[in-house]
Amino acid sequence: NGVLFPVRQDGRYLLLERPNKKIHRDMPATGDAIVLSSSPDLVHWRTEGVVLKGRPHFWDELIGSGPPPVLTEHGWLHLYHGVATHFQAANIYQVGAVLLDRDDPTRVLARTDENLLEPRELWELTGQVPSVVFPSGMFLAEGRVHLFYGAADTAVGYAVSSLDRLVAACRPVKRRAEGE
């Protein structure tokens, strides 16, 4: 799970990724977080830090990146998938959003408390992997966010929302005071 930012920042490529605990032993467990890595050449990578963590007992206990982030006047809009693992029957994959600081993408400005998209239609609920929707492709046009998403690992869906609606769904994230 990794997606490149569409532009370089300060001459470096930026990558949002879900590290594999087997390879990166000093990172959170696989699926627990999305980290930002940077590279001068797409070969040598350095982890810059954890950007987003999964939230126990929420819709996004486990998380992974979706399509490349889109730069907006509010910051970088990034759609990600969250997995609710606390249901006995099966895991449920859903879609959420996060706004990252334009100049420091390790800084989360706002995040959705609730999912934006969840499996509801029969073709999202049944298939190779049931109860799954995950963001795959996104573009912004005329103030609207167009999303292509996978459904049940069997089909592709399409959804549209206004950018304003997505931004409004994101709640500001409180920053911890220095030293906390």
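The values are calculated or read from the model by the stated rules, or taken from the named source; none is laboratory data. These numbers come from a predicted model, not from an experiment. Glycine gets a Cβ as well: all are built from the backbone with ideal geometry, and neighbour counts include every protein chain shown.
Tallying residues that are of a type outside the set (S, T, Y) and touching a Ser or Thr at 6+ places or on another chain (Cβ under 6 Å) within region 71-115 yields 5. Residue count for region 85-108 under the criterion of being out of contact with any Phe, Trp or Tyr (no Cβ under 9 Å at 6 or more places or on another chain), of a type in the set (A, V, I, L, M) and either touching a residue at least 24 places away in the same chain (Cβ under 8 Å) or outside any loop (DSSP other than H, G, I, E, B) (or both): the result is 2.
Summed over region 86-96, the residues that are under 10 Å from W59 (Cβ atoms) and exposed (fewer than 14 other Cβ atoms within 10 Å of the Cβ) give a count of 1. Beta carbons closer than 8 Å, at least 6 apart along the sequence or on distinct chains, pair a first residue in region 56-84 that is without any contact (Cβ under 8 Å) to a residue 40 or more places away in the chain and more than 16 Å from A141 (Cα to Cα) with a second that is crowded, with 23+ Cβ neighbours inside 10 Å and hydroxyl-bearing (S, T, Y) for G82/Y93. Among the candidates L163, L109, the residue that is within 27 Å of H57 (Cβ to Cβ) and within 18 Å of the chain's Cα centre (by Cα) is uniquely L109.
Examine region 72-80 for a residue that is outside any strand (DSSP E or B) and modelled with pLDDT of 95 or more, and state whether such a residue exists. Explain how you work it out, then say what you get.
Looking only at region 72-80, we keep the residues that are outside any strand (DSSP E or B), and these are 73-74.
Those left that are additionally modelled with pLDDT of 95 or more: 73-74.
There is at least one residue in region 72-80 that is outside any strand (DSSP E or B) and modelled with pLDDT of 95 or more.
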